[in-house]
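Quick notes on the structure that follows.
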Amino acid sequence: MRRAFLIISFAIALCAEVFAQSDPAGEPSVIAVGKVWPAVVNINTERIIKRAYRDPYDELFNQFFGRQVMPQRELQQKVQSLGSGFIVDPAGYIVTNEHVVERAADLKIHVTTSDGKTYEAKYVSGDPSRDIAFIKITGEKPFAFISLDDVSPNLLGESVLAVGNPMGYGLSVSRGILSALNRAITIDQVEYKDLIQTDAAINPGNSGGPLIDLGGKLVGVNSVKMAYTPQGVPTQGLGFAIPASIVRDEVKQFMFAEKNPAAAKKFAREQSPALRFFGLQLQDLSGELADAFGYDAKGVLIADVETASPAESAGMKRGMVIFKIGNYEVNSVKDAEMLLGKASRGMKADFTIGVVRRLRTGQLLQQAQTVSVTAR
């Protein structure tokens, strides 16, 4: 009797599993898209480009009178572009590509959410070197958003979904795998590094939308599709995205600057020539900034690393913290400038870099390494 009961139970469980597998609503990709869909937006930008125009008859008229009689005319051309983005905060902050919403004095940004509502957005900040921008919309209720607190581990070969607005047709999804990590590509003589490569279809209008895993976690921001190699060879399935970890750090910087404009302006002061020898831009790691990043307030923050600089070659990256220069601890930009004040080309300096995170348990998690950098 007991044996018959076990056989029947097993058969029922097997049937239930088969039914679940045949039900599209239970597919991981369907569930993942359902999680992020309400936070994905369509971005439509509009700007007016003005350029001087001289009518040939006006020129002939001016030459006849020997002076400027007919004024120079001005042509105005309306330029529109489409892109995608996703909300990362219930207050309406949105991440997209900088090339989708390149800042301009007369730029108009219209954002359409998944429920069909359209909002006028303001440009908050952007980082052209990373092709990331931060814009904001305002609504009566909190917005659905994609959390940046728990992002995808980004494992080679994992399944990914590109969500966005290709060709302006509205929200759609394409599927592929994460096919490569740490890619570098050059577009219009600008090199973009540390990108994710995917074969998920990325088409015009997808730019700025999220690339997610089957758990609905952010993998990266869809950025560009490569149709041809620099040598002109056609390619297939080469799309690139900005990793979620970089997006998370950029958003923390943008949010801090938005909430503390005076402090951000102070941090952006001109760096000493000594730091430029190494290709570094630093910021004091104040209590507010440490809280924003989840760091312990020790050391000095690397605000930016110049492309192709000695610091970049040594593995130093934006968002890292410098604890020591040589054998001396540094806790401010002033300390770093003083220690490197006599730096000259060819000088070698040892930097102890990494992060110190304060965990919820109160414990400190320190990850540090020492790199040697030669001034250029």
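The values are calculated or read from the model by the stated rules, or taken from the named source; none is laboratory data. Since this is a predicted model, take the numbers as computed values, not measurements. Backbone-built Cβ (ideal geometry, glycine too); neighbour counts: all protein chains shown.
Looking only at the range 307-321, how many residues end up being crowded, with 20+ Cβ neighbours inside 10 Å and either touching a Cys at 6+ places or on another chain (Cβ under 7 Å) or over 20 Å from Ser245 (Cβ atoms) (or both)?
1
Kindly evaluate Ser114 against the criterion of being surrounded by fewer than 20 Cβ atoms within 10 Å (Cβ to Cβ), more than 16 Å from the chain's Cα centre (by Cα) and either farther than 17 Å from Glu258 by Cβ or of a type outside the set (Gly, Ala, Ser) (or both).
Working: surrounded by fewer than 20 Cβ atoms within 10 Å (Cβ to Cβ): yes; more than 16 Å from the chain's Cα centre (by Cα): yes; either farther than 17 Å from Glu258 by Cβ or of a type outside the set (Gly, Ala, Ser) (or both): yes.
Considered against the rule, which asks whether it is surrounded by fewer than 20 Cβ atoms within 10 Å (Cβ to Cβ), more than 16 Å from the chain's Cα centre (by Cα) and either farther than 17 Å from Glu258 by Cβ or of a type outside the set (Gly, Ala, Ser) (or both), Ser114 comes out as yes.
Determine which member of the set Ala162, Ala91, Ala144 is on the phi < 0 side of the Ramachandran plot, in contact with a strand residue (DSSP E or B) (Cβ under 6 Å, 6 or more places away or on another chain) and among the small types (Gly, Ala, Ser). Don't jump to the end; show me each part of the working.
Values: Ala91 fails: in contact with a strand residue (DSSP E or B) (Cβ under 6 Å, 6 or more places away or on another chain); Ala144 fails: in contact with a strand residue (DSSP E or B) (Cβ under 6 Å, 6 or more places away or on another chain).
Result: Ala162 is the single residue among Ala162, Ala91, Ala144 that is on the phi < 0 side of the Ramachandran plot, in contact with a strand residue (DSSP E or B) (Cβ under 6 Å, 6 or more places away or on another chain) and among the small types (Gly, Ala, Ser).
Return the residue satisfying two criteria in turn: it lies in the range 322-376 and is basic (Lys, Arg) and modelled with pLDDT of 70 or more, and of such residues it is surrounded by the most Cβ atoms within 10 Å (Cβ to Cβ). Reasoning before the result, please.
Just the residues of the range 322-376 that are basic (Lys, Arg), to begin with: 324, 334, 342, 345, 348, 357-358, 360, 376.
Filter again for modelled with pLDDT of 70 or more, leaving 324, 334, 348.
Numbers: Lys324: 16, Lys334: 13, Lys348: 10.
Per the stated criteria, the residue is Lys324.
Taking the conditions exactly as written (under 17 Å from Gly354 (Cβ atoms), buried (at least 20 other Cβ atoms within 10 Å of the Cβ) and modelled with pLDDT of 75 or more), does Gly239 satisfy them or not?
Working: under 17 Å from Gly354 (Cβ atoms): no; buried (at least 20 other Cβ atoms within 10 Å of the Cβ): yes; modelled with pLDDT of 75 or more: yes.
When the stated conditions are applied, Gly239 does not pass them.
I want to confirm something. Restricting to the range 204-231 and keeping residues that are at pLDDT below 90 and more than 20 Å from Ala133 (Cβ to Cβ), which single residue is surrounded by the most Cβ atoms within 10 Å (Cβ to Cβ)?
Per the criteria, the residue is Met226.
Give all pairs with beta carbons closer than 9 Å in which a residue from the range 19-35 that is closer than 16 Å to Gly164 by Cα and surrounded by 13 or more Cβ atoms within 10 Å (Cβ to Cβ) meets a residue that is modelled with pLDDT of 95 or more and among the acidic types (Asp, Glu); count only pairs at least 6 apart in sequence or on separate chains.
Listed by first residue and then by second, the contacts come to Ala32/Asp213.
Restricting to the range 94-108, and then to whatever is modelled with pLDDT under 90 and among the hydrophobic types (A, V, I, L, M, F, W, C), can you tell me which residue is surrounded by the fewest Cβ atoms within 10 Å (Cβ to Cβ)?
Ala105
In the range 174-202, what residues are at pLDDT 80 or above and within 17 Å of Thr96 (Cα to Cα)?
The answer is Leu195, Ile196, Ile202.
Go through the range 146-181 and report how many residues are crowded, with 19+ Cβ neighbours inside 10 Å and in a loop (DSSP other than H, G, I, E, B).
Residues that pass the stated criteria total 6.
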